[in-house]
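One structure is given below, encoded as structure tokens.
The values are calculated or read from the model by the stated rules, or taken from the named source; none is laboratory data. The model shown is predicted, which means the values in this text are computed figures rather than measured ones. Every residue, glycine among them, receives a Cβ derived from its backbone with ideal geometry; neighbour counts consider all protein chains shown. All accessible areas refer to the heavy atoms of the entire protein, side chains included, with ligands and DNA or RNA removed. Shrake-Rupley method; radii C 1.70, N 1.55, O 1.52, S 1.80 Å.
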Amino acid sequence: RAAGRGGFTTICTMANTVPVVVSRAIVEYIAQESRRVSLVNILPYASVTMGLKGETLTEMGDLKKAGAAGFSDDGESIMNAGVMRRALEYTRWTKLPIIAHCEESSLSGGVVHEGKTALRLGLAGIPSEAETIMMARDLLLAEATGWRLHVAHVSTARGVDLIRQAKARGV
């Protein structure tokens, strides 16, 4: 209702729900329920990997046939570069995008951006490199596979620069 009142006609749901969107049955359920109760079109994103664990790819072709609009492990980064590369290769075949959550988990133990404010408030900071290292990797993999990548919730100036540079190269 909020989306409709805000003027949206179509929205996409992320896959990091309970249960995680990993099967044809869940995608079909979301589509069926959204038609029954919603004022807007709701298109589900399915998970890239089983249980958002970043290890085993979902059945992307079957999920597309069921109505998935794209793939994302939002809330979790796919830490294994080989898995991410295979995901981009497979989604190229499906012609659906991957929506990436770019965060190097070994750097992201804080609650706010690292800096003077975090220090002054005594809060654990997250360095901008937590975003940009993973983003650079994923953009390079998208370039190598020739497929589309949507980077969700960019929060750093360097991240915006990396995206601009990638777009300039045709990524």
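Miscellaneous remarks
- Point-charge dipole on Cβ atoms (K/R +1, D/E -1) for the chain, about Cα centre, debye to 20: 600
- Phi-based couplings in Hz for the stretch 64-72 (Karplus 6.51, -1.76, 1.60; Gly and Pro marked x): 5, 4, 6, x, 4, 9, x, 9, 7
- Principal axis extents of the C-alpha atoms in the stretch 1-142 (largest first, rounded to whole Å): 50, 39, 23.
- Candidate residues K65, K95, K116: accessible-area rank, largest first, probe 1.4 Å: K116, K65, K95
- Residue-normalised convex hull volume from the C-alpha trace of the stretch 99-164: 74 Å³ per residue.
- Value of [θ]222 nm, deg cm²/dmol, for the chain, DSSP H segments ≥ 4, -39500 (n - 2.57) each, nearest 500: -13000 deg cm²/dmol
- Modelled spin-label separation between A124 and S105, with each label point placed 7 Å from Cα along the Cα-to-Cβ direction: 1.4 nm.
- When E89, E103, E59 are compared by accessible area of protein heavy atoms, the largest-first order is E59, E89, E103, using a 1.4 Å probe.
- Projected label distance in nm at R36 and I11, using a 7 Å step from Cα toward the beta-carbon: 1.9
- Charge dipole (the stretch 2-75, unit charges on Cβ, about Cα centre) - positive-most of T13, S34, M60: S34
- Using a Förster distance of 22 Å, the FRET efficiency for H150-T56 (Cβ separation, nearest 0.05): 0.50
- Derived scalar couplings ³J(HN,Hα) [the stretch 92-103; Karplus, 6.51 cos²θ - 1.76 cosθ + 1.60; whole Hz; x for Gly, Pro]: 4, 5, 7, 6, 10, x, 9, 9, 9, 9, 9, 7
- Under the Karplus curve 6.51 cos²θ - 1.76 cosθ + 1.60, θ = phi - 60°, whole-Hz ³J(HN,Hα) for the stretch 138-143, x wherever Gly or Pro sits: 5, 5, 5, 5, 4, 5
- Summarising the amide proton neighbourhood of L43: residues at separation of 5 or more, or on other chains, whose placed amide H is nearer than 5 Å comprise I11, C12, T13.
- When the charge dipole of the stretch 34-105 is built from unit charges on Cβ atoms (+1 for Lys and Arg, -1 for Asp and Glu) and taken about the Cα centre, the candidate among N80, T94, T49 whose Cα reaches farthest toward its positive end is T94.
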